Amino acid sequence: MGTIALCGLAWWWLATHHVVPVEHGAGAKGARAVGSGPGDTVVLPADSPGLEVTTVTRRAITDHLTVPGRLDYDARYRLDYSAPVDGIVSRVLVQVRQRVSRGDSLAEISSPDIGAARDDVRRREADQAIAHKAAEWADSIADNVDALLETLARRPPLATVENQFEGRLLGTYRETILGAYSRLVFVEKVNDSTAQLGAGGVLSGRIVEERTSNLEVARANFSAACEESQFATRQKRAQARADLAQADRLVQIATEHLRTLVGSRLDTDVGGRGVSGNVADVEGGDLPETPGDGPSGLSTLVLRTPFDGLVEDVFVTRGERVKAGDRMFVVADTATLWVRAQIHERQWTTVDVAEGQEVRVQIPGAADHETTARVSHVGAIVEAESRSVPLVAELENDDAHYKPGMFVWVDLPQGVAREVLTVPAAAIMRHQGKAFVFVPDGRDDAGRSRYRRVGVETGSEQSGFIEVKTGLEDGVEVVSKGAFTLKSELLLEDEAAPGGEATGG
């Protein structure tokens, strides 16, 4: 039985992989190697599917420098959340691998320092409200006194003035100014009568002089009351405004002190996503009560996430005492990753790269191992330890296919584009360190298609095309699809050659 099986295997091999010289034109239907020596040409049936050819053409291509790099988190969207203050963790509201949205609560910390800081903010805000009302009062009185003095300058009847300013804020200046004005009006009337009686000889000269002197005194008193009232109201308004400004500053200082304690700063927006440091609720008491936990109080600090992302790690548990700076959570959004690469100082001058430019990135560890990234920034100095210029590019990772920490190769353009011979990257085959392509070589006597292996020297690769330095000429056709099938047949025939040594290059 073993002999029969061996003979059957030998018959199958000869029927499907028969090797004959080109000039004999044997009629075997399978693929075979022919030509001047073993491994030069592959012959396939004319109707073999899966093979396509394309013409070697010239196209613009740019030289590239390939440098190593790695994928990293986008620092703007990775939050290594540390405890902002000393306290006790009263609630942990998330779990590892939980997806969170911007503003979602991560945990609560009970801290006396936070309570004291919040109390100071509220006390300063109360002082600010009082100062604000005092400033409004001073402004109203000063404005009304100015309006009153402007009206009295026209010497209207006292009853008209009282009706006009009834209900308007004047404070004690109403009595001061209107009292002096009333005295002046009365003395003026008396003086007018005295002048008439004095001219008729009814009153003595001494009485006339006395009443004239009273008029001058009344005028001086009224003028002094007006000046002093106007000066005093303006001074009080200025003082009230200064007090209000001081109250505003104290509120700001207290608020900044609270923000310093919680380690937060105002939210900013980058690329459409809110970004900040440790964003915390500085007002407190915004979460619903949980049975057994007690109400959220003045000393409760609510830690929140500043952007949409994933909780990648949790380092604390409920009831744990933490100190400022202790790690609590890691939240990250990996929709965008950073490609970090290092360009050695000796190679830096040969690279032509700028912010906003797209570069090709190869990721050997990923299924989709080739993509592009957009240059975000290039280092301004050469780092002392690596003697390299850092480069960071942004890579879109919406489906989370790529992971931080993956090794990458980054292709950076060098110089200007050159017109060179190119073939599709799929046309280039390699074996034992040598590159080659397959070119159509007519048909044999049986009508089968022949494909001849041609060794080539390759150069730069760009946009799916590879530069061919030697071995081909413009206009030559090469196999662009199915070349791997031809290579497999070629190597199979070489193994069947005497001595079993592969001669496929």
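Bear in mind these aren't lab numbers, they're just calculated from the coordinates by the rules spelled out. No experiment lies behind these values; they were computed from the predicted model shown. FYI the Cβ positions are ideal-geometry reconstructions off the backbone, even for glycines, and counts take in every protein chain you see.
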Student exercise, the range 118-259 dipole from Lys, Arg, Asp, Glu Cβ charges, in Debye to nearest 20
140
If the chain between VAL96 and ARG249 were fully extended at 0.36 nm per residue, the gain over the current Cα-Cα distance would be 50.9 nm
Below 22 Å, Cα to Cα, which lysines can LYS481 reach? Residues fewer than 8 away in the same chain don't count.
LYS29, LYS434, LYS469
Once phi is turned into ³J(HN,Hα) by the Karplus curve 6.51 cos²θ - 1.76 cosθ + 1.60 with θ = phi - 60°, what whole-Hz value does each residue of the range 223-230 show in order, with x for glycine and proline?
4, 5, 5, 5, 5, 5, 5, 5
Which of the aspartates and glutamates could a cross-linker span from LYS189 if the Cα-Cα distance has to be under 18 Å and same-chain partners fewer than 8 positions apart are dropped?
GLU209, GLU210, GLU216
Taking +1 at the Cβ of each Lys and Arg and -1 at the Cβ of each Asp and Glu, which of VAL478, SER449, SER463 sits farthest along the dipole of the range 440-481 towards its positive end, judged by Cα position relative to the Cα centre?
SER449
Long-range amide H partners of THR336, meaning residues 5 or more apart or on another chain whose placed amide H is closer than 5 Å, are ASN397
Considering just Cα atoms, how many Å³ per residue does the convex hull of the range 118-259 enclose?
97
Can you give the charge dipole size of the range 313-463 about its Cα centre, rounded to the nearest 20 debye, using +1 on the beta carbon of Lys and Arg and -1 on the beta carbon of Asp and Glu?
540
Of LEU250, VAL161, PHE231, which is farthest towards the positive pole of the range 118-259's charge dipole, taken about the Cα centre with +1 and -1 on the beta-carbons of Lys, Arg and Asp, Glu respectively?
LEU250
Using Cα positions and a limit of under 21 Å, work out the lysines in reach of LYS133, with same-chain residues fewer than 8 apart set aside.
LYS236
At what distance in angstrom do the alpha carbon centres of the range 310-333 and the range 403-470 lie from each other?
52
